[in-house]
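The values are calculated or read from the model by the stated rules, or taken from the named source; none is laboratory data. Quick caveat: nothing in here was measured; it's all calculated off a predicted structure. Note: ideal-geometry Cβ built from the backbone for every residue, glycine included; neighbour counts use all protein chains shown.
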Amino acid sequence: MKEEESYEGKITLLHDRCMVWDSSLAEKIQKNFIGRAFGEGSIQISLTEAAYLAEKGATILKNGRKISIKAFFRHAKKIQPDIEMRFNVYKHLWQRGLIPKTGYKFGSHFRVYRENPDKGHAPYLVHVLPIDYVSTWTEISRAIRLAHSVRKQMVFACVGDKIDFIRLKRVTP
C-alpha cells in the first residue's frame with residue numbers, strides 16, 4: 001500500500017493511547033487502516049500510530065493543549081520504554097508498502113499485512129527487539145509456535161543503527 005504524504009488534524013492523548021475525534025483525520029486514517037473504530041466517527045490509535053501521524057503533520061493534544069513530538073515521546077516512554085524502536089519499525093514497514101496493525105492479541109508488537117486487512121489475514125507477526133537482545137531457544141520457539149498456530153510467520157525486527165528483520169518459521173517433516 002502506498003504511504004500517505006501527510007495527515008492533518010488533531011489527536012487527543014489519553015495517557016496510554018490516543019483518540020481521533022477529528023472527523024476528516026478519522027476518515028483518512030480509517031481508509032489507510034490505521035487504528036480501530038471506536039464509536040461513531042472516532043478512531044482509537046496506539047502511541048506508536050500517534051507518533052507516526054504526528055511526524056506526518058497531525059497535532060497531538062494533551063489536556064487540550066498542543067504538545068511537541070519531543071514532549072509526546074517523553075510521555076510515551078514512561079508507558080512504553082521501547083516506543084522509539086517500535087515507531088522506527090512501524091515507519092519502516094509503511095515505507096516498504098506494508099500495513100502494520102497492533103499485534104497485542106497475538107503476543108507481538110505488530111501483525112503485518114501486504115494488502116487490505118479487511119480482505120485477508122496478516123502473513124506476519126513482528127516483534128521489535130534491540131540488536132543486543134539475548135534470548136533462550138525456548139522463548140524463540142514459543143513465539144514461532146504461536147505464530148504458526150494462527151497461520152503466520154514470526155519476524156523479529158532487530159533495531160540498532162539499522163533495522164534487521166529475521167523471519168523464522170516452524171518446519172515440520
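Here are some notes:
- Complete set of residues in the stretch 11-25 that are within 18 Å of residue 48 (Cβ to Cβ) and not hydrophobic (A, V, I, L, M, F, W, C): 12, 15, 16, 17
- Any hit, the stretch 124-134, residues being surrounded by fewer than 13 Cβ atoms within 10 Å (Cβ to Cβ) and in contact with a helix residue (DSSP H, G or I) (Cβ under 7 Å, 6 or more places away or on another chain): yes
- Only residues that are assigned to a helix (DSSP H, G or I), more than 22 Å from residue 114 (Cα to Cα) and of a type in the set (S, T, N, Q) were counted in the stretch 135-168, giving 2.
Residues are listed down the side, and each one gets a yes or a no for (1) modelled with pLDDT under 95; (2) of a type in the set (Phe, Trp, Tyr); (3) over 16 Å from residue 17 (Cβ atoms); (4) in the same structural domain as residue 152 (by TED's automatic domain parsing):
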| site | (1), (2), (3), (4) |
| --- | --- |
| 29 | no, no, no, no |
| 40 | yes, no, yes, no |
| 49 | no, no, no, no |
| 61 | no, no, no, no |
| 66 | no, no, yes, no |
| 94 | no, yes, yes, yes |
| 112 | no, no, yes, yes |
| 118 | yes, no, yes, yes |
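- Of all the listed residues (38, 33, 72), the sole one being over 19 Å from residue 89 (Cα atoms) and touching a strand residue (DSSP E or B) at 6+ places or on another chain (Cβ under 6 Å) is 38.
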